[in-house]
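Written below as structure tokens is the structure these notes are about.
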Amino acid sequence: MTSPRHHDLRARPTVGTARRRSTLVAALVAISLVPLSWTPVGAQDDTTTTQPTTPGSSTTTTTTTPSTSTTTTPGTSTTTTTPDGPPADSTTTVPASTTTLVPTTAPLPPTVDEPPGPRRWSLAPRFEVPTDDSVVGVQRMLTEVVAALEALQARRQVLAARIEDAARQVEDLRTRITNLTEKRKARAVSAFINGDAIIGPKIQVDDERVRIITSIEGLETTDAERRRSMERRIATLEGQALRDQTELTASDPELAELTAARKLLQDKLTSALDTTLEVPVGPTDIALSAAAASAQRRTAAALLAAGDAPAALAAQQAGQRELERLAALVARPTPGAYNGDGSPKSVGPTPIGDPTVVAQELLAAWGAMDERRMSVMLFALQQVGKRYVWAASGPNTYDCSGLLMRAWYLGGVRLTHFSGSQIASGPSVPREQLAPTDLLGYGPSSSEHITMYLGAGRVVEAKGSAYGVIVNNARYNDLAGTARIL
């Protein structure tokens, strides 16, 4: 009886079928040996676009700095300086054959008081500065800052955890792809060996070898899909990790800002004062003159202690000349506000009376001071021109009570960092008996602002973020309290 197998033509491939399978085996070997590669997410070629310039066209370039604006047009050049910068000459070039230079001096604008209402904290503009210099106001600010800082830190922790998790997943997927590639290579070698056995001289193929090749074809198709799926997942994870890292990096300045704000508020609450910091001299002529006078007085004291009377006398005379120069500077119309670099921003009110008479009154008042009070006053004047930052106590920025706290530390007195309690630190003084280094307070219970009296109706104060540390006229119409530190 004839076996059914001999009548099943599908069990015996034709010569054409065997050749096609031989070609398939060779293709599998070639494909499996091709290395896999990935393109990092975000890796793109830089593209530079150049716009052609049409004949006769001109290019206009505008460069802007905080204080100077320069605009160039064909044939004309004009440079102007805004009121926020120091005075500068203005030069105009006429497009004709003759060039005319017209030097001008831009006058400083008058000082304009800050408008009433909420003020933004220059250190952290998202927060409003309290209307008074009180413990309650600082505690409220500290609560807000700590809440914002904790929210930011929580968000940063989430981002960092997602970035780390994405890195682990990407590493795992790449390992799986590598393993998949190794398996493909092994199958290719197996297919090649089996193919040699299958595709023999007599082209005799049994059912088992056909099944092996067919199985390899199916596995190859499945593995290719798995590989593409894993590559897409890697791209998604890397893209998300890149966005998370960008957000994390972008929050670094905010983290530094909030951390500094918390430290400043905590120090203000405790009236902490880092006395190890070196305090630089301010950038103004008043500050430099005060520093020179202070140095001469220290030199004279050291020489006198060393027994060198002639040299001490010379240093005392030099110090007196520097005090006279300082008095003249304080007596003149001083800038009512300064830029961040210490350059004048606006002109302040003119001192009451003739500047020469005011300078003489200042020298008379200063001559009656002891060395302790003189050192306190000269230190405060050395800070003129520095920036105002609410809750700061130096060495480069101050608020009103922070300036006086650091100045009086040199006089051996530890004041608190609040204007109301500073006024309460000494006996009240009638207006007509005010003397240099006396304190003048403003607002309810002197809780809003405080200044140091210099004599002749002049004060030194850290007035506000729009002004900085300045010399100004004393205000008497809204004076709430006075104090003399003993």
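The values are calculated or read from the model by the stated rules, or taken from the named source; none is laboratory data. Worth saying up front: this structure is predicted, and the values here are computed from it rather than measured. Methodologically, a virtual Cβ is constructed for each residue, glycine included, from the backbone with ideal geometry; neighbour enumeration extends over all protein chains shown. Accessible surface is based on the protein model in full, side chains and every heavy atom, while ligands, DNA and RNA are left aside. Shrake-Rupley method; radii C 1.70, N 1.55, O 1.52, S 1.80 Å.
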Efficiency of FRET from Cβ geometry, Ala250 and Gln433, R₀ 56 Å, rounded to 0.05: 0.45
Computed E for Val135/Gln169 - FRET, C-beta separation, R0 56 angstrom, nearest 0.05: 0.65
Ordering of 268-280, 454-466 by burial proxy (mean other Cβ atoms within 10 Å per residue, highest first): 454-466, 268-280
Spatially proximal lysines relative to Lys345 (Cα-Cα < 25 Å; intrachain offsets below 8 disregarded): Lys386, Lys463
Cα-based shape type of the stretch 292-360, given that a ≥ b ≥ c are square roots of the gyration tensor eigenvalues and the cut on a/c is 1.5: oblate
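Run the numbers on the stretch 341-398 and let me know its relative contact order in percent, using alpha-carbon pairs under 8 Å that are six or more apart.
Once normalised by length, the contact order is 29 percent.
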Mean separation of Cα contacts under 8 Å, 6 or more apart, over the residue count of the stretch 355-457: relative contact order %: 25 percent
Alpha-carbon centroid distance for the pair the stretch 284-342 / the stretch 131-164, whole angstrom: 44 Å
Highest average packing first - 392-405, 344-357, Cβ atoms within 10 Å: 392-405, 344-357
Stretchable slack from Thr236 to Leu152, in nm (0.36 nm times residue separation minus alpha-carbon distance): 27.7 nm
Distance (nanometres) between label positions extended 7 Å along Cα→Cβ at Glu278 and Asp308: 2.4 nm
Surface accessible to a 1.4 Å probe, per residue, for the residues of the stretch 266-329, Å²: 53 Å²
